[in-house]
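Quick notes on the structure that follows.
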Amino acid sequence: MTDDKYKIQKIDDYRWRIPREGKMRVDGIVYADAHMLEDIQKDESLQQVINVSFLPGIIKHSLAMPDIHWGYGFPIGGVAAFDMDEGVVSPGGVGYDINCGVRLLRTGLYRVELVNKLESVVNTLFANIPSGVGSHRKDLKLSQQEVKNVLKNGARWAVSLGYGTKEDLEHIEEKGCIAGANPELVSGRAIERGLAQLGTLGSGNHFVEVGYVSEVYHVEIARVLGLEKDGITIVVHTGSRGLGYQVCDDFLRVMINAARKYSIELPDRQLCCAPINSQEGREYLAAMACAANYAFANRQMITHWVRESFERALHIGPKESKISPVYDVCHNIAKFEDHIVEGEKKRLCVHRKGATRAFPPNHPDTPDAYKAVGQPVLIPGDMGRCSYVLVGTEKAYADTFGSTCHGAGRVMSRGQATRTAKGRSIAQELKEKGILVRADSRATLDEEIPEAYKNVTEVVDVVEHAGISKKIVQLKPLCVVKG
DNA sequence: ATGTAC
């Protein structure tokens, strides 16, 4: 149902327009089907789409993906691109968990080989990868200087110390290192929080999930990605931990002052921002790049301990497990990218918050191995259902600044989910569905119940039907480590 | 998401 609260106009079955009015500089465009649009209107996220459209220098549209929900200032599931001269950069448009993202690993193993071994696999992963709020590694505490090396070099830092191979780096967005990182702009407090958290999972929706390829929608492209039916896969979902949180928090304070200093009118203080070319804007981007690089290194370190855990739990060597990254995507980031605006190539600052880059075949930033098929897009669902691997398309490049959805998207707040889970054993319910779960805290499992999320299949069907991604395979979970 | 309110 459309709601006159937002004057929503239907464009087609999968796109809706919130027409520009008042102080809006551009239209809002929402990717959803009619049923989802109803869910989306249960929170304030469409008002946030409108608020984002007020910001100076916004280009074309304020975009919302089908997994949109309420977030800090900007909606989660939002995409907004800004002109380099007139536009702004905003920490709220990236999110607290800078470079929260997803890495997919393929293996040389098949589903039948893990029968009766899943318990050992999940227990070993749980023991080797610290999870939960404030989790840290007892076996790896870095010096401040070493953390600064991580912030400058990202996943490359991990590989240089033997945590993975150079080949791994070819299969990561930006090759695992965002340019322009300046560790001198990261506070001592943020670095302090990063000393012992590299190689840890964190809490909430973060997880390591072992699963298998349950459906193949496009055999040829799946083969290029190294995926085939019943092959074992591992999905890693985590970000920049306390360090990234602290960078965001530090710069929100800076940006509140900057917005006043540059006379930027804000419909919501949480949209605080600075011109991209201002000192504050440049400094945030340089600190954000540091946190993004920490997250890339984090997923690389976790990959190392996943490899080690599989070898130990299954008594096999690397030549049998053959664990290698398919790809690694950021879904909370601001980036400089070239896009076509009014027929001309233009450099923009693209904010993706709970949204994934989805570049087409032959784009210079699509990795060489995937040039013919498009950039892999990794979409985790909730713990009880499934995940998807998609690839980016020309239509995404043309219509959404090369962006698509990032996951299932919450429909229940954490508190609501906790109340719904009261009196139930979520671990037991998942076990009955054949999914083993180990979690640092029972409370997290309650917050993450499958019903708290939209059905990821419906989300993915919207982006596929709208043409901004192409579905390649579905993954189903076998065992999960949660925060 | 977050040493879930320095």
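Starting from the Cα of A:K138, draw a straight line to each of the lysines and keep only those under 22 Å, dropping any in the same chain fewer than 8 residues away.
A:K148, A:K482
Per residue of the range A:290-297, what does 6.51 cos²θ - 1.76 cosθ + 1.60 with θ = phi - 60° give for ³J(HN,Hα)? Whole Hz please, x for Gly and Pro, Karplus curve as stated.
My calculation for the range A:290-297 gives 4, 5, 4, 5, 4, 5, 4, 5 Hz in order.
Could you give the length gained by full extension between A:E451 and A:E265, i.e. 0.36 nm per residue of separation minus their alpha carbon distance, to one decimal place?
Extra length from A:E451 to A:E265 when fully extended: 63.1 nm.
Where does chain A land at 222 nm, in deg cm²/dmol rounded to the nearest 500, when only DSSP H runs of n ≥ 4 count, each adding -39500 (n - 2.57), divided by all residues?
Roughly -9500 deg cm²/dmol at 222 nm, from the helical runs in chain A.
What is the distance, in nm, between label points placed 7 Å from the Cα along the Cα-to-Cβ direction at A:R442 and at A:E220?
5.3 nm
Would you calculate the separation in nanometres between label points at A:K422 and A:D365, each defined as 7 Å from the Cα along the Cα-to-beta-carbon direction?
Here the modelled spin labels are 4.6 nm apart.
Taking the DSSP beta bridges in the range A:101-482 as the whole, what percent of them are antiparallel, to the nearest 5?
The antiparallel fraction comes to roughly 95 percent.
With Cβ to Cβ distances under 15 Å as the rule, what net charge do the other residues near A:M301 carry (K, R +1; D, E -1)?
+3
Counting only GluC sites (Glu not before Pro) that are in a DSSP loop and have at most 16 other C-beta atoms within 10 Å, tell me the longest site-free stretch of chain A.
Between the exposed loop sites, the longest stretch runs A:343-483.
Add +1 for every Lys or Arg and -1 for every Asp or Glu among the other residues with Cβ under 15 Å from the Cβ of A:D461, and state the total.
With Lys, Arg at +1 and Asp, Glu at -1, the neighbours total -3.
Please report the net charge: other residues with Cβ closer than 15 Å to the Cβ of A:L314, K and R +1, D and E -1.
+1
Determine the per residue accessible area of the range A:101-482 with all protein chains present and a 1.4 angstrom probe, expressed in square angstrom.
38 Å²
Ignoring ligands, DNA and RNA, please state the percent of accessible area on the range A:101-482 from carbon and sulfur, probe 1.4 Å.
The C+S portion of the solvent-accessible surface of the range A:101-482 is 48 percent.
The values are calculated or read from the model by the stated rules, or taken from the named source; none is laboratory data. Please read these numbers as outputs of a predicted model, since none were measured by experiment. Every residue, glycine as well, gets a Cβ built from its backbone with ideal geometry; the counts of neighbours run over all protein chains shown. What goes into the accessible areas is simple: the full protein's heavy atoms, side chains included, and nothing from ligands, DNA or RNA. Shrake-Rupley method; radii C 1.70, N 1.55, O 1.52, S 1.80 Å.
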